[in-house]
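Beneath this line is the structure, given in C-alpha cells, with notes to follow.
Only the coordinates and a few stated rules stand behind these numbers; no lab work does. Small disclaimer: the values here were computed from a predicted structure and weren't measured. Using ideal geometry, Cβ is built from the backbone for each residue, glycine included, and neighbour counts are taken over all protein chains shown.
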Amino acid sequence: MENSGGFSFDLCKRNGWLVEKGIVKPPSFTKTGTTIVGLVFQDGVILGADTRATAGSIVCDKNCEKIHYMAPNIYCCGAGTAADTEAVTDMVSSQLQLHRYHTGRESRVITALTLLKKHLFGYQGYVSAALVLGGVDCTGPHLHTIYPHGSTDTLPFATMGSGSLAAMSVFESKYKEGLTRDEGIKIVTEAICAGIFNDLGSGSNVDVCVLTKGHKEYLRNNLMPNPRTYVSAKGYSFSKKTEVLMTKVTPLKERVEVIEAGDAMEE
Amino acid sequence: MDPKIDSSAPISTGTTIIGVTYNGGVVLGADSRTSTGVYVANRASDKITQLTDNVYVCRSGSAADSQVVSDYVRYFLHQHTIQLGQPATVKVAANLIRLLSYSNKKMLQTGMIVGGWDKYEGGKIYGVPLGGTIIEQPFAIGGSGSSYLYGFFDQAWKEGMTKEEAEQLVVKAVSLAIARDGASGGVVRTVTINSEGVTKNFYPGDQLPLWYEELEPQNSLLDIQTEAVPMSI
C-alpha cells in the first residue's frame, strides 16, 4: 500500500464494494414516516400529528404519540428517527425545567428553539430529528420548524415529515390569518388526514394540541379515521399467573416549589 | 414517497443575494426561497439578517451554517458595541464573519454579503465568499442566481447612484435572477441603510417586472374555483 501512515480506509472501500454488489445491506434507522403540522391562529398555536410509527415497511406502533412535551406552555412535534426525536425533546425539556427553577419564570419558545438548534447543529445532521415547535409565552404565540442540520424557520403555518407535501397542500389552500380555534383544529385535522391517506409513511389517528395564553389542551386521538373493523367476539383472556393481593397508592409530596410571583432579577 | 424528494437533504438557500453601494449608503437585496432538494421548504424566508442597528448581512448556502455564523457574529458585535460605547463599523462586522468562515472553512458551506453604514467610512459592502476571504466591493452578488447577473451588473451599475436608482437596480436584478434561476423565487426583499437609519421593503412576486417570455400572473385555480358558479352537467 502507498499509505504514508495515519488512518487506513481499506475497509471503507471494502464495505462500499459489498453494498454495491448487494452482498450486504447498509444499516438503517427506525424512522417515523410522519405527518406533523402546526399553525398560528387567533389566540395561539395548534399542533397536529399522525400516530403511525414504522420500521421499514412494517407498522410497529399504530397509535404512538408524536406531540412531545417541552414545557407547560410549549409542545413540539417530532419526525425522523423515533429515538432521536424522543431523546432530543426530553433532554431540552429537562433543561427548560432547570432554567425555570433557576429564573422562576415561564419558559420562552425562543429558548427551546435555541437549545434544540444548538444540539442538532452540533451533531451536523446525524441526530435526525425534524421538528415543529409551537408555544405561547409572554411575547405571544410562536411557531417554528427545525431541520436535522440545525436550521430554523419562523412561519405562520408549517408541515414536516414524509407527509409534509400532502399536508402543506391543505394549508396552502385553506390557511388564512385570524382563524378561530375550531376553524384551526379543523384545518390541522384535515392536513394530518391528507398525510394519513396519501402518504405511506403516515397513518392511523390524528393527535391535536391547542396552546393558548396560560392554557393548553392536548386532544389525544382527536379523530380516529381508521378504527378496528373486527374484534373477536370471544375476547382475549390470560391465564392467571401472579395475583394482586393489595393495592395502596401513596401520592408523592411535591418537594420543589416554583414561586411564580415576584421579580427575581431585582433585589 | 417520491424518491427524488429527499427531506433529509441539507436545507440550502439556493439563492440570489445582492449588495449595492450608492451615493450615501447601501441597498441589500434577496429573494425569499429556501429549498430542500427540489422541495420549497419556505417560500417567504428572510435572508437579510440583522447584525446590529446599522449592519445587515445577506446569507447564502447552507441555512444551518449561515444562521449559526450570523448568530455568533451578532453576539460578538453586541459585546463589542457595549465595550466600545458606540456602534460597530461595517468592517468589524465583516471581519468577524471572515474570521469564523476562514477558521471553520472545512465545516461551513456558506457565502455572505455584509452591508451597512458607519460614521467613519459611510456605506460599505463586503463580500465574504466560501473559503473565508473578504473583499470590499462597490457592489456584490452571491448565491446560485448570481451567475445570471454578472454581465447585467457590469453594464447597469454606475458610480454615485441615488437611493431610488440603487433600490430599483436591486429589485430589477433579483427579479431577473428569479426568472432564470430555479433555486431562486418568491418575493424580493430589500434593506436600505444610510446615515438616517434603515428602511426595509418588500415586493410581492406578482408585482415584479415581467421578462422575456414570462406570462402575466393569473388568479390561482383555487380562487377561480371559489368564485365560479357551480357547473351544470
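Compute the helix-to-body angle for B:63-84: its Cα long axis versus the longest principal axis of chain B, expressed 0 to 90° and rounded to tens.
Helix B:63-84 and the main axis of chain B meet at about 30 degrees.
Only Cα pairs within less than 10 Å get springs; with that Gaussian network setup on chain A, which residue of A:Thr242, A:Thr51, A:Thr229 has the largest fluctuation?
Fluctuation is largest for A:Thr242.
For B:Lys91, list the lysines whose Cα falls under 30 Å from its own Cα; do not include residues on the same chain fewer than 8 positions away.
Filter leaves A:Lys117, A:Lys118, B:Lys47, B:Lys105, B:Lys106, B:Lys119, B:Lys124, B:Lys158, B:Lys163, B:Lys172, B:Lys200.
Averaged across A:113-120, how many Cβ atoms of other chains sit within 10 Å of each residue's Cβ atom?
Values: counts 0, 1, 0, 0, 4, 2, 0, 1.
Mean shielding count: 1.
Summarise the partner chain shielding of B:62-69 as one whole number: the mean count of Cβ atoms from other chains within 10 Å of each residue's Cβ. Mind showing how you got there, number by number?
Values: counts 4, 6, 12, 5, 1, 7, 6, 0.
Taking all residues of B:62-69 together, the mean is 5.
Any idea what the dipole of the protein assembly as shown comes to, in debye rounded to 20, about its Cα centre with Lys/Arg Cβ at +1 and Asp/Glu Cβ at -1?
Values: 45 positive and 51 negative charges, 344 e Å.
Approximately 1660 debye in magnitude.
Once you've got the GNM for chain A with C-alpha springs shorter than 10 Å, pick whichever of A:Met70, A:Met246, A:Met91 has the biggest mean-square fluctuation.
A:Met246
Which of the GluC sites (Glu not before Pro) across region B:127-172 are loop residues per DSSP, with 15 or fewer other Cβ within 10 Å? All intermediate terms of the calculation are to be shown ahead of the outcome.
Working: sites: B:Glu136, B:Glu159, B:Glu164, B:Glu165, B:Glu167; in loops: B:Glu159.
Sparse-neighbourhood loop GluC sites (Glu not before Pro): B:Glu159.
For B:Gln79 and B:Phe152, compute 0.36 nm times the residue count separating them, minus their Cα-Cα distance, and round to one decimal in nm. List each step's numbers first, then the result.
Details: separation 73, 0.36 × 73 = 26.28 nm, distance 3.96 nm.
Working it through step by step, the gained length comes to 22.3 nm.
May I ask you to sort B:Ser66, B:Ser147 by Cβ crowding, counting other Cβ atoms within 10 Å and putting the fewest first?
Details: B:Ser66 27, B:Ser147 13.
In increasing order of surrounding Cβ atoms, one gets B:Ser147, B:Ser66.
Any chance you could run the full-extension gain for A:Asn226 through A:Glu65? It's 0.36 nm times the residue separation minus the Cα-Cα distance, nm to one decimal.
Values: separation 161, 0.36 × 161 = 57.96 nm, distance 1.61 nm.
Between A:Asn226 and A:Glu65, full extension yields 56.4 nm more.
Can you compute the modelled spin-label distance between B:Arg43 and B:Arg180, with each label point 7 Å from Cα toward Cβ, in nm?
Placing both labels 7 Å along Cα→Cβ, they lie 2.4 nm apart.
For B:Tyr126, B:Tyr75, A:Tyr230, what's the fewest-to-most ordering of other Cβ within 10 Å of each Cβ?
Details: B:Tyr126 24, B:Tyr75 12, A:Tyr230 5.
Least crowded to most crowded, the residues run A:Tyr230, B:Tyr75, B:Tyr126.
Testing the spin-label approximation: label points 7 Å from Cα along Cα→Cβ at A:Ser169 and A:Ser94. State their distance in nm.
With each label point 7 Å from Cα toward Cβ, the separation is 4.2 nm.
So, R0 is 45 Å and r is the distance between the beta-carbons of A:Ser239 and A:Ser57; what FRET efficiency does that work out to, to 0.05? Write down the numbers at each step before the final one.
Details: r = 34 Å, r/R0 = 0.76.
Between A:Ser239 and A:Ser57 the formula returns 0.85.
Quick one: 3J(HN,Hα) in Hz for region B:146-158, Karplus 6.51/-1.76/1.60 with θ = phi - 60°, rounded, Gly and Pro as x.
Working through the residues one at a time gives 5, 5, 7, 10, 4, x, 4, 5, 4, 7, 9, 6, 10 Hz.
Taking R0 as 51 Å, what's the FRET efficiency between B:Gln137 and A:Lys253 from their Cβ-Cβ distance, rounded to 0.05?
Values: r = 67 Å, r/R0 = 1.31.
Computed FRET efficiency for B:Gln137 and A:Lys253 comes out at 0.15.
Give the shape of region B:89-187 as rounded, prolate or oblate, defined through the alpha-carbon gyration tensor: a ≥ b ≥ c are the square roots of its eigenvalues, a/c under 1.5 means rounded, and otherwise the shape is prolate if a/b is larger than b/c and oblate if not. Mind showing how you got there, number by number?
On the way: a/c = 2.33, a/b = 1.19, b/c = 1.96.
Oblate, since a/c reaches 1.5 and b/c is not below a/b.
Report, as an integer, the average count of C-beta atoms from other chains found within 10 Å of each Cβ along B:35-43.
3
Can you find, among B:Leu176, B:Ile193, B:Ala166, the residue sitting farthest towards the positive end of the charge dipole of region B:160-202, where Lys and Arg contribute +1 and Asp and Glu -1 at Cβ?
Farthest along the dipole direction, towards plus: B:Leu176.
Per residue of the protein assembly as shown, what 222 nm ellipticity follows from adding -39500 (n - 2.57) for every DSSP H run with n ≥ 4, rounded to the nearest 500?
Working: 10 runs with 145 residues, N = 500.
My calculation for the protein assembly as shown gives -9500 deg cm²/dmol from helical runs alone.
Got a sec? How would A:His149, B:His80 order by Cβ neighbour count within 10 Å, fewest to most? Don't skip to the end; give the middle numbers.
Working: A:His149 26, B:His80 18.
Ranked by crowding around the Cβ, least crowded first: B:His80, A:His149.
Which of B:Gly143, B:Gly151, B:Gly132 moves the most in a Gaussian network model of chain B with Cα springs under 10 Å?
It is B:Gly151.
If you put +1 on each Lys and Arg Cβ and -1 on each Asp and Glu Cβ, how big is the dipole of region B:17-223 around its Cα centre, in Debye rounded to 20?
740 debye
Starting from the Cα of A:Lys213, step 7 Å along the direction of its Cβ; do the same at B:Thr199; then give the gap between the two resulting points in nm.
Spacing of the two 7 Å Cα→Cβ label points: 3.5 nm.
Can you find, among A:Leu47, A:Cys60, A:Ser107, the residue sitting farthest towards the positive end of the charge dipole of region A:44-124, where Lys and Arg contribute +1 and Asp and Glu -1 at Cβ?
A:Ser107
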